[in-house]
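Structure first, then comments.
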Amino acid sequence: MNNDQFFWYMVSQWAVAAGTIVLAIVALWGHIIRARWFGPKLCLALKNPKGEVSMFSDGVVSRYYHLRVWNKRRASPARNVRVAIKALYRPSADGTMSQTPLSGPLQLAWQFQGSNPQFQTIGAESTCDLGFLRRGEPFNLSTLFRHISFDPTVQPRQKAIVVLMALSDEGESNELKLEIAWDGVWSEDSDEIIKHMVVKQLNAGTGR
């Protein structure tokens, strides 16, 4: 074997070795690579800080607050998506915000939950219920199930901080932190109610 033949022999051996290593990496971590570079990218944000006027079946006027859930990579749908409360903070006696113990993430209801599946496939944008304020009643977080140990209300002249995230089989969205505060004054006027019922985002937005 002359020098040229030896050189190309070694090149072929290195190519085979490199190909074997690449195949091993793809076999072991291919799903992680696909999820990172080509998988869905969920985003979560407050839809409208003023909420939307609505009416319950019993005739009580209310105001609903919603969350936007969308996927920046619509060609790669996110499956079994749900929006969950990851943490909740309420004021302690000294006024500092203290974390309320949760048994685990609490799922919120989708808008029109009765006609929507519990777990959604998100390509295009979808809407989730954050909570609602019925006239004459406290604000209620729209948890899908009511847990005995969990108080979903924010009473007049109180506030709460709620940490939310959209979860899917492929991954999770940005963390959304909202402050909810109400001074007890009700109004059906959207420009007026925002002075009394405050729902605001505390962390940076995700952008479109």
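The numbers here are math on the coordinates, done by the rules we state, and not lab data. All figures in this text were calculated on a predicted structure; none of them were measured in a lab. Cβ atoms come from the backbone with ideal geometry, glycine included; neighbour counts cover every protein chain shown.
Overview of values
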read-out	value
Highest-first arrangement of 163-175, 107-119, where packing means the average Cβ count within 10 Å	163-175, 107-119
Full-extension gain in nm, THR100 to ALA87, via 0.36 nm per residue minus C-alpha separation	3.9 nm
Normalised contact order of segment 42-201, rounded percent, pairs of Cα under 8 Å and 6 or more residues apart	27
Global geometry of segment 51-208, whether rounded, prolate or oblate, following the gyration tensor of its Cα atoms and the 1.5 cut on a/c	prolate
Eligible lysines near LYS195 by straight Cα distance, threshold 19 Å, same-chain separation 8 or greater	LYS47, LYS50, LYS159
Residues GLN201 and PHE150, FRET efficiency given R0 of 22 Å [Cβ-Cβ distance, rounded to 0.05]	0.45
Ascending count of other beta-carbon atoms within 10 Å, so fewest first, for ILE161, ILE148, ILE122	ILE148, ILE161, ILE122
Proximal charge balance of THR100 [Cβ under 11 Å; K/R count +1, D/E count -1]	0
